[in-house]
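The values are calculated or read from the model by the stated rules, or taken from the named source; none is laboratory data. Only a predicted model underlies this, so the values are computations on that prediction, with no experimental measurement involved. Cβ placement follows ideal geometry from the backbone for every residue including glycine, while neighbour counts extend to all protein chains displayed.
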Amino acid sequence: MSTILLAAAIMGGLGAFFGLVLAVANRFLKVDEDPRIDTVEELLPGSNCGACGEPGCRAFAERVVAGNAAPSGCTVSSPSGIESIAEFLGVEAGEQEKRVARLHCAGGLGRARDLADYEGFESCRAAHLVAAGGKKCIWGCLGLADCAEACTFDAIHMNDDRLPVVDVDKCTACNDCVVVCPRDLFELLPISHHLIVQCSAPVAAEEARAMCSVACDACGRCAQDAAPGLIEMRDNLPIVDYARGGPATPDATVRCPTRAIQWVVGQQFPSPRVVQLTWSASG
């Protein structure tokens, strides 16, 4: 019995000692959190989407209160919501250009050639692992709506060509579609970037056109017609770099033989020209 009492006394003493240590540490090492963070967090949408570059609204609120970010960095919040945060903190709301998800593929039904019918779990990720989902183009959109299902804000729906259409009014650049697409076809771009390359196949000429009627065939005409430095051909695809050249105009799209590069204002699809493919038995 004495052994049990001794053990209990020792454990109780250790507990009291470490409790005292923690109490003292809390007294002298405690970092007081700015109470304004709670208010700013309440004024934010609470979606925790990550569009601001932070893991959640709380982290973004901390940056705003610390003066390391402007309220406008929350692209999900309404203009009135951003202004409310700015007024509460007594800071400028700031300016943040809206970014939206853009799809680098236009190879929907009747455009991209199928080699086989995919029958299996209705998921792009699953189809991607099984013979490229039946499409001859192993870089194109599989059309099974993983992006639409992943979109937190219901900003993506599938059109009749089985291509995802992004509603730019609802899109918050949350990055969900970018992460879920197994073909890396989505990119978050400023809404003012109107030149969109709607192809991701790094092949050229007849090989490209044999896979899809709207594939880039690497002719390079867009780079020739664009402002110097704006478009560079790389791996048989045009790369638009607004930082290196400009201004951007629709001129770069005029001579594209397959309409693989488009001048997009607002919604990306439907494409202005629909091409129906017919294939011979020999392919």
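Farther than 17 Å from F269 by Cα and in contact (Cβ under 8 Å) with a residue 40 or more places away in the chain: does that describe C141? Lay out the reasoning, then the answer.
Numbers: farther than 17 Å from F269 by Cα: no; in contact (Cβ under 8 Å) with a residue 40 or more places away in the chain: yes.
No; evaluated as a whole, the condition is false for this residue.
Test M211 against the stated conditions and say whether it is of a type in the set (A, V, I, L, M), out of contact with any strand residue (DSSP E or B) (no Cβ under 6 Å at 6 or more places or on another chain), over 30 Å from G73 (Cβ atoms) and modelled with pLDDT under 95. It is true that M211 is of a type in the set (A, V, I, L, M), out of contact with any strand residue (DSSP E or B) (no Cβ under 6 Å at 6 or more places or on another chain), over 30 Å from G73 (Cβ atoms) and modelled with pLDDT under 95. Regarding the stretch 164-187, can at least one residue be identified that is closer than 24 Å to Q267 by Cβ, more than 17 Å from the chain's Cα centre (by Cα) and of a type outside the set (S, T, N, Q)? No, that holds for no residue. Answer yes if at least one residue in the stretch 108-124 is surrounded by 15 or more Cβ atoms within 10 Å (Cβ to Cβ) and assigned to a helix (DSSP H, G or I), and no otherwise. The answer is yes; a qualifying residue exists. The residues of the stretch 168-191 that are modelled with pLDDT of 95 or more and part of a loop (DSSP other than H, G, I, E, B), listed by number, are C181, P182, R183, D184, L185. Among all residues of the stretch 127-136, there is at least one that is at pLDDT below 90 and crowded, with 20+ Cβ neighbours inside 10 Å.
Close contacts from the stretch 148-171, counting a first residue that is closer than 15 Å to C49 by Cα and a second that is of a type in the set (G, A, S) and surrounded by fewer than 18 Cβ atoms within 10 Å (Cβ to Cβ), with Cβ to Cβ under 7 Å and a gap of 6+ residues or different chains, come to T152/S47.
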